[in-house]
Amino acid sequence: MTVTPVVAAVTTLCASLALAGVIEGLRWWGYAGVAVTVVTAVGLGLRAMRTPILLVGFAQMFALLCLLVALFTDSGVLGLLPGPDAFADLGAVLRDSVEIVRTGVPPVPANSAVLCLVVIAIGMVAVLVDTLAVSAGTPAACGLVLLCVYAVPASLADEMLPWWAFVLGAVSFAALLAVDGAHRHQQWRNRPTVQGTGGGVGSPTALVGGAVAIALVAGVSVTGIGTVGQLPGGGSGPGSGGLGLNPFTSLRGMLDQDGNTELFRVYDLGEEARYLRAVTLSEYDENGGWRPPDEMPRGFDAGDPLPAPPGQQIFSTGNSVEITIESVNSVDVWAPVAGTPIRLANLPDDMRYDPESGTVYGSSKRKLPTYIEHADLSQPSAEALRAARPARANDISTVYTVREGIDPEVVGLADRLTRGRTNVFDQAMAIQNYFGPANGFTYETSTAAGSDEDALRDFLFESRTGYCEQYASAMAVLLRAAGIPSRVAMGYTAGVQTGEYRTITSQNAHAWVEVFFPGAGWVQFDPTPLTDGTTYQPPYAEESDTTVPEDDPANETEATTTAPVPSGPATDPRDQADAGADGDDGEDAAASPVWPWWTVVGLVVLSAAVTVLAAMAARSRLRRPARRVPLRALAAGAWVLTVVFAAAVVSWWLLVFVVLALLAGVPGIARERVRVRRRHQIQASGPAAASSAWAELVAESADRGVEPSETETLRAAARRLANQHELDQDSRRALRTVVAEVERSWYGGQNPDPALTAAFDRLIAGLRRTNPIGWRARLFPRSILRRRSRR
């Protein structure tokens, strides 16, 4: 009831370190530790009061909810209890968490949305592990729960998870099983040894060790284990070393990574640096993000002659270009194609082509063989696009015209940019030209990713710094706001000509915009000013005479718009949530000062050093208490200061909680100090040994609710203690020895026999065995509180 919950909590914390592969830094681990501590403390307290198991689990979940309210909202009742406003605030934070899960690239920054998700996930895991290990008595079943903790980050991270996360998790889980085994052994200690538990080839230790060895060998040589492909040292198995596009996820990771991996080699593409489309993102939601449809349509067999896309006339079917695409390190669902594919060859049998989205895809990620595309690379002219009529409802799916959730200020900007333009082409070019240096836009690959609407507004009106994702997303939103069918395309630029082929690397991952024109289909527009020279501007874009408005539309927006503007600064709402939870000014967690944490580290080192000195002094031959007690007191004070300061660094409410917990623990600490002092006196076998033994026995009995009367004789008090505590025969014999030595000391003036120490130890062990003490008595011992009240 005490050791197992603590070990289960440590096991949960060690397993949670697997999240280090998908979350930046270790700040989040402190929040996970607080969640696990709250869950464990509630379980310990309620079980000490004999609370039903079901109520313990519900109480732990309610305590976890109160922790979420205290950490991530400012509207809780008394700052802690959930209320309607607190639930609304938590809902906003959780929506940000879902968005990060959907669009974030591991490792994600530890902002309030991620921290909230960590507290919920690890807190619920702690409840399950505590219930299985303690209430259900089946700690082995906790392995299934802990396995999920490793499976989630392993499926998200592009690199192997930290090795120490596995080691710590395995060691702590083994400790949990060992504690349970020791407990069961105590219950069965009088039974014969179970057959097969000894040493030898058939022992459990040998079987488990052999199973682990076989699994590791198989992981290295046979199966594709791990997030990248195989365990370190393994050969090039399926998917080993591959990279692929995951819409608005891996794209950002590719642009930000230090290396540059070759993905494709494209032959016969020609001098024109045409883009290769992999996937199109058609759905725009109110959080400002773009994504493909949840389910891809059935499409057509990629090996058959391909139909023309809706609304497009094939411009040069008889003069198609044959392009060869060789996959080098790409492992993906999508098969990139250039222009409009007319026919594909050498692709796997399950590959499909969707003419509406223009994508070629399969049922699973894989490294594709070298395939051939017969493509139409012809382009419409600017005059043809100007002459195209606006799209009607029956020309294209309504998913490409959805504009709900767009900020009114963004709608106002789109209206001003397209004002006076009489055709869709000029309107699209006016919007594209807005993202130029004349309006202060710059290209930067190291900016923070933004997919929510506040970040989009900040990019359009404030920072104006970003890379292809932000440029393409912003232009597509403006087009939708202007009523023009649009979508975001993802794929690759044409890379660099290397001999007879063009090499395309992970740094060539790119996003651009496609606009629908009846008769021409989906036409490319690219607002991103790439700095590597791989930008492709079609001839119709160069023929356009559309210019940028002389006045910055953003200034006009500020002067004339009547649309509501957010009352706060245009910052990430997750940063604002950080400010609400931690009491700062809304700055990002990465910009917070680090000196408090270094101070905590320094205090930990100092406390550990003083503790070591106190232990060395206690073991030395110098037995003078004047040298030991100050060091012990100093070590205890140093640790208290460390805990209090660390709690203050995390949050003020945690500081209050820690201070109250320390104050509540004062009586128990005082009782422990008295117990240790008396124990040393008993072991010394000096004149005070007998009195200390009787005083400690009376205190142990008083803590259990039985206090000898002052009018009773020594032997009468001993008989009453033995009966009321139901001591067994061995404990009663030890009690008689203790009473005899006390009488010799009190009435005979003799020093007690050294056998007093062994008898006293047996007596206390028997007392604790037959009448164990509860947590309430441990925290508030009667022997201390009654003595203070009598004084």
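Bear in mind these aren't lab numbers, they're just calculated from the coordinates by the rules spelled out. If you're wondering where the values come from, they're calculated on a predicted model, not measured in any experiment. In this analysis, Cβ positions are derived from the backbone assuming ideal geometry, glycine residues included, and neighbour counts consider all displayed protein chains.
With a ≥ b ≥ c the root eigenvalues of the C-alpha gyration tensor of the range 704-785, is it rounded (a/c under 1.5), prolate (a/b larger than b/c) or oblate? Because a/c hits 1.5 or more and a/b exceeds b/c, the range 704-785 counts as prolate. Determine the shape class of the range 57-126: with a ≥ b ≥ c the square roots of the Cα gyration tensor eigenvalues, call it rounded for a/c under 1.5, and otherwise prolate if a/b is greater than b/c, oblate otherwise. The shape class here is oblate. Roughly how many whole Å is it from the C-alpha centroid of the range 110-164 to that of the range 458-520? Taking the Cα centre of each part, the range 110-164 and the range 458-520 sit 38 Å apart. Cβ-to-Cβ counts within 10 Å put Cys148, Cys142, Cys66 in ascending order as Cys148, Cys66, Cys142, the fewest first. The simple spin-label model puts a point 7 Å past each Cα toward its Cβ; for Asp395 and Thr770 those points are separated by 9.5 nm. Remark: the range 3-186 projects, on average over all directions, an area of 10.6 nm² (convex hull of Cα atoms). State whether the range 308-411 is rounded, prolate or oblate according to the following rule on the C-alpha gyration tensor (a ≥ b ≥ c being the square roots of its eigenvalues): a/c under 1.5 gives rounded; otherwise a/b larger than b/c gives prolate, and the remaining case gives oblate. Here the range 308-411 falls in the oblate category. From least to most packed, judged by other beta carbons within 10 angstrom and beginning with the fewest, His725, His680 follow the order His680, His725. Residues Thr73, Thr4, ranked from the fewest to the most other C-beta atoms within 10 Å, line up as Thr4, Thr73. If R0 is 45 Å, the Cβ-Cβ spacing of Val698 and Val605 corresponds to a FRET efficiency of close to 0.60.
Among the trypsin sites (Lys or Arg not before Pro) found in the range 25-58, those both in a DSSP coil and sparsely packed, with 10 or fewer other Cβ atoms within 10 Å of their Cβ, are Arg50.
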